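Structure first, commentary second.
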Amino acid sequence: MFNRKTLLTVLFILLLALAGCGGQEAEPTATPAPDKPTAAPAAAVVGDAVAGETVYMGTCIACHGPDAKGVQGLGKSLYPADSEFVAQKSDDELVAFILAGRTPDDPLNTTGVGMPAKGGNPAITEQQLHDVVAYIRTLK
């Protein structure tokens, strides 16, 4: 059989040969290879209106009222029929808005009252915000 020195020499030569074969880019072919499919975009988060009502009543009620019609001097109505802002935004846009909030000096703030990020509840999750938006969408 092989002694240890011979075996190591053969392995070394094989490694050199393999190293010399790699690293080269393939020659372009006449027909380009089809694009590989990219990862599918993340599925849209779907809110649960029933769970959203519970979150709303625990957080949003303070400024937007128990009926979501708004509280004078605090928060505006969230009814899509009353609020052009709510009616024109997608669910994801509303969630992004609630996540960030709005300062009183923001030029788009029409009340001069700040909207705290996450409605002032730092523990609220993005899923819960989707739930709240789903609840708001049920208001007629």
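The values are calculated or read from the model by the stated rules, or taken from the named source; none is laboratory data. All figures in this text were calculated on a predicted structure; none of them were measured in a lab. Cβ placement follows ideal geometry from the backbone for every residue including glycine, while neighbour counts extend to all protein chains displayed.
In table form, for the structure just shown:
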read-out	value
Matching option when the condition is closer than 20 Å to E126 by Cβ and either out of contact with any strand residue (DSSP E or B) (no Cβ under 9 Å at 6 or more places or on another chain) or at pLDDT 95 or above (or both), among V71, V95	V95
Unmet requirement for G119, which otherwise passes all of (1) crowded, with 18+ Cβ neighbours inside 10 Å; (2) free of Cβ contacts under 8 Å to residues at least 24 places away in the same chain; (3) under 17 Å from A134 (Cα atoms)	(2)
Among (1) surrounded by 12 or more Cβ atoms within 10 Å (Cβ to Cβ); (2) modelled with pLDDT under 95, the one test that A87 misses	(1)
Odd one out for M57, checked against (1) surrounded by fewer than 15 Cβ atoms within 10 Å (Cβ to Cβ); (2) modelled with pLDDT under 95	(2)
Cross-chain or 6+ apart pairs with Cβ under 6 Å, region 127-140 first and surrounded by fewer than 24 Cβ atoms within 10 Å (Cβ to Cβ), then hydroxyl-bearing (S, T, Y) and at pLDDT 95 or above	Y135/Y56
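Matching residues to (1) more than 30 Å from L139 (Cβ to Cβ); (2) assigned to a loop (DSSP other than H, G, I, E, B); (3) within 26 Å of the chain's Cα centre (by Cα); (4) at pLDDT 95 or above:
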position: A17; (1), (2), (3), (4): yes, no, no, no
position: G20; (1), (2), (3), (4): yes, no, no, no
position: A43; (1), (2), (3), (4): no, yes, yes, no
position: L108; (1), (2), (3), (4): no, yes, yes, no
position: V113; (1), (2), (3), (4): no, yes, no, no
